[in-house]
Amino acid sequence: MSTTAIYPGTFDPITYGHIDLINRAATLFDKVIVAIAINPGKQPMFSLDERVTLAKQTVDELTNVEVRGFEGLLVNEALNMGANVIIRGLRAVSDFEYELQLATMNRRMQPKVETLFLTPAENLSFVSSSLVKEIAVLGGDVSEFVAPCVQMALKHKLPAAK
């Protein structure tokens, strides 16, 4: 039986922490779909098309990983994409309560879809898209947190970015 997992997020921008989890998931599942959300509650720096393009560039060597944009309820999208597992990342204990609420609500709405939590490598546990953007906005070096294509995209968006 083939198992497809979906790894959702806004990925604004995709970081080495995200890429680490994608690599881990790619070894566990037959297929991994990186599902980039249109989130009306957030105002992303990068458009959906830009985020999809950057994610594709960072995972292009992984043959069992696909990148797509989506809008709407995650559990519905998971079923539409043929996924029965949702991957969620936990960086710290502070992430757990919110992620547990999401997982429980998703299971309530769609019992056929299970949530699996993965933790990033210890050296990436503090990396977040929000922090990367803040560092870039203030002219700091983000090269150890994002792939070169993402660093270049940040430079194009933010004149102060290094």
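Data for the structure
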read-out	value
Global geometry of region 62-130, whether rounded, prolate or oblate, following the gyration tensor of its Cα atoms and the 1.5 cut on a/c	oblate
Gain on full stretching of the segment that runs from residue 68 to residue 94 - 0.36 nm per residue minus C-alpha separation	6.5 nm
Residue 137/residue 47 FRET efficiency (R0 22 Å; Cβ-Cβ; nearest 0.05)	0.80
The chain: DSSP helices with Cα axial extent of at least 15 Å and average Kyte-Doolittle hydropathy no lower than -0.5	16-28, 48-59
Under 18 Å from residue 157, Cα to Cα: lysines that are on another chain or at least 8 residues apart	42, 133
Rounded, prolate or oblate (a/c below 1.5 giving rounded, otherwise prolate when a/b exceeds b/c) for region 1-88 by Cα gyration tensor	oblate
Rounded percent of accessible protein surface that carbon and sulfur make up, the chain, 1.4 Å probe	54 percent
Accessible area of region 1-78 divided out per residue, in Å², using a probe of 1.4 angstrom	47 Å²
Those residues of region 13-40 whose amide nitrogen sits under 15 Å from the label point placed on residue 123, 7 Å along Cα→Cβ	16-21
Mean separation of Cα contacts under 8 Å, 6 or more apart, over the residue count of region 4-157: relative contact order %	30 percent
Rounded, prolate or oblate (a/c below 1.5 giving rounded, otherwise prolate when a/b exceeds b/c) for region 1-43 by Cα gyration tensor	oblate
Residues with amide H under 5 Å from that of residue 66, placed H, sequence gap 5 or more	32, 33, 34
The chain - mean residue ellipticity at 222 nm from DSSP helices (-39,500 (n - 2.57) per run, n ≥ 4, rounded to 500)	-13000 deg cm²/dmol
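The values are calculated or read from the model by the stated rules, or taken from the named source; none is laboratory data. In this text the structure is predicted, and so the values were computed from the model without any measurement. Glycine also receives a Cβ, built like all others from the backbone with ideal geometry; neighbour counts cover every protein chain displayed. Accessible surface areas use protein heavy atoms only, side chains included; no ligands, DNA or RNA. Shrake-Rupley method; radii C 1.70, N 1.55, O 1.52, S 1.80 Å.
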